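Below: one structure, written as structure tokens.
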Amino acid sequence: MSSFFKFFFILILPIVLFSCTSPSFYNKTYEFNKDIASSKFDAAEKLLEEHKSHLENNKLRFLYYLNAGMLAHLKGDFKKSNTFFEEADLFIEDDRKKGTEETSAFLLNPNLRTYRGEDHEILLINYFKALNYLLLNNKEDALVEVRRLNLRLQEQSDKYKSTSKYTQDAYMHLVMGLIYDANSNYNDAFIAYRNAYKIYESDYLKNFSISPPEQLKKDILRTANLSGMYEEQADFEKKFNFKYTPILSDANIIVLWHNGMGPVKEEWGLNFMIVYTGNGWINFVSEQYGLTFPFYIGDTDLNGLTWIKVVFPKYVERKPLFTNAVIRTNQQEYPLQLAEDINAISFKVLRERMNAEFAKSLLRVALKQAAAYEIGKSQDNESLGTALSVLGSATESADTRNWQTIPRTISYVRAPISAGKQEINITLQGGPQGSETHTQVFTFKIGETLIYPFYSLGSYEPDLNHPPGTY
């Protein structure tokens with residue numbers, strides 16, 4: 001038996017003996033997710049506290065910080081929320097991949113790896129930190145967060161060279177604009193709004209079918225005018241086919257509607273034929289999905305293995321209870337406009353790396369099967385090889401971890417408002433019982449721009465049998 005397979009056998013055996021098919025991360029956290037969706041935040045906090053010691057000290061600690069930060073944000077404890085999000089931030093900056101952990105995850109099971117987050121999940125950390133600072137009336141630190149957010153966006157853009165990948169986030173630029181705008185920094189606000197518009201026009205329209213919101217167009221013209229950029233204003237007026245008309249008001253409110261909950265990850269299996277092409281090469285072929293992955297196995301003997309089953313992660317959407325919303329104030333109605341679709345972004349991020357996921361999983365399964373056969377042959381015991389082959393398959397499971405308490409979509413609108421104590425009505429539409437209205441009362445100062453995040457996280461149960469890669 002080769003030294004590699006001896007090593008592989010020693011590595012795999014303890015895990016094989018104690019492995020079994022485990023439920024998905026969503027199933028494990030079902031009650032917590034259910035409490036968040038139904039706004040039972042105290043019950044969700046109790047569940048999180050009960051599992052705190054376990055979650056903080058294992059490979060899920062990053063998700064613990066994210067969920068704890070989100071829960072504190074929803075409960076209105078914005079300082080505590082930022083304490084958790086800061087821990088998540090430090091985790092990203094300080095944690096480095098460990099060779100042994102990555103090797104064991106590759107050879108055995110991706111769940112052995114510490115979860116480090118998807119690209120869009122990492123961006124949302126700075127987003128919610130910025131919202132927390134705004135709600136604490138700390139606009140300076142909110143600006144620090146949006147600048148850090150901009151750096152992360154640049155890092156993300158530099159990391160990927162393909163124009164078809166999710167490398168730019170229009171909504172995050174829009175939020176930067178909103179915060180600069182609220183601080184009367186109209187020049188930087190215009191630049192951020194302009195950047196957001198360009199990304200909506202190029203990436204978002206093509207990838208997510210999201211057009212630039214009408215509110216964004218109005219904000220571009222307004223900030224261009226306030227910054228004295230009259231030539232740019234004229235260019236955009238021509239592009240938008242309408243003129244800038246100043247709206248006189250004492251103050252403004254910007255409502256950010258976070259609707260539904262993001263998708264969950266589940267596991268799905270796919271059968272691959274093994275085609276021996278000679279000279280040490282084989283092809284893994286899925287006729288159903290039109291996939292072919294060649295591998296060089298040299299003189300490794302797979303004992304005539306003709307097919308294998310491999311498992312992969314898939315996203316499954318959770319449809320929101322409500323489809324539209326409007327705000328009413330000063331006897332005027334303002335529809336909320338879609339600005340971000342986290343559900344669609346999640347699907348795209350996973351879809352972009354599926355070829356790499358296929359390749360890693362196929363090679364991992366092939367190595368397990370080859371190791372099992374070699375061990376059985378070296379011991380002159382075909383039954384042992386078969387048993388280890390079965391046990392090796394039992395260690396296969398997809399990584400179904402993800403941040404599941406984020407919203408599905410974010411919409412926004414700006415509304416002028418009078419100074420003093422004012423009532424804001426937010427009406428959610430298209431729900432199972434029709435519409436429902438939530439009333440908030442704020443006191444506005446002259447010249448103030450208030451950014452108010454509103455949440456309706458109610459969602460339907462995910463269809464876990466839904467075909468992968470679609471939504």
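Tabulated data
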| quantity | calculated |
| --- | --- |
| Residues within segment 398-418 that are of a type in the set (A, V, I, L, M, F, W, C), at pLDDT 95 or above and in a loop (DSSP other than H, G, I, E, B), tallied | 2 |
| Ala189 being more than 21 Å from Leu124 (Cβ to Cβ), out of contact with any Gly (no Cβ under 7 Å at 6 or more places or on another chain), modelled with pLDDT of 95 or more and small (Gly, Ala, Ser) | no |
| Filter result (surrounded by 16 or more Cβ atoms within 10 Å (Cβ to Cβ) and not in a helix (DSSP H, G or I)) within segment 30-73 | Lys59, Leu60 |
| For Ser22: the one exception among (1) within 18 Å of Arg401 (Cβ to Cβ); (2) at pLDDT 70 or above | (2) |
| Selection count where residues are surrounded by fewer than 17 Cβ atoms within 10 Å (Cβ to Cβ) and in a loop (DSSP other than H, G, I, E, B), scope segment 306-341 | 5 |
| Single unsatisfied condition, Ser162 versus (1) within 19 Å of Glu232 (Cβ to Cβ); (2) at pLDDT below 95; (3) of a type in the set (Ser, Thr, Tyr) | (1) |
| Some residue of segment 112-119 being surrounded by fewer than 23 Cβ atoms within 10 Å (Cβ to Cβ), at pLDDT 85 or above and in a helix (DSSP H, G or I) | yes |
| Number of positions in segment 208-235 that are in a helix (DSSP H, G or I) and either under 30 Å from Ala344 (Cβ atoms) or of a type outside the set (S, T, N, Q) (or both) | 18 |
| Subset of segment 303-345 [aromatic (Phe, Trp, Tyr), under 30 Å from Leu123 (Cα atoms) and in contact with a Phe, Trp or Tyr (Cβ under 8 Å, 6 or more places away or on another chain)] | Phe312, Tyr315 |
| Test for Phe128: is it of a type in the set (Phe, Trp, Tyr), under 30 Å from Tyr460 (Cβ atoms) and either outside any helix (DSSP H, G or I) or modelled with pLDDT of 85 or more (or both) | yes |
| Verdict on Ala192 being out of contact with any Ser or Thr (no Cβ under 8 Å at 6 or more places or on another chain) and not charged (D, E, K, R) | yes |
| Of all residues making up segment 412-471, the number that are surrounded by 12 or more Cβ atoms within 10 Å (Cβ to Cβ), over 22 Å from the mean Cα position of the chain (by Cα) and at positive phi | 2 |
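The values are calculated or read from the model by the stated rules, or taken from the named source; none is laboratory data. Predicted, not measured: the structure shown is a model, and the values here were computed from it. Because the Cβ atoms are built from the backbone with ideal geometry, glycine has one as well, and the counts that use them run over all protein chains shown.
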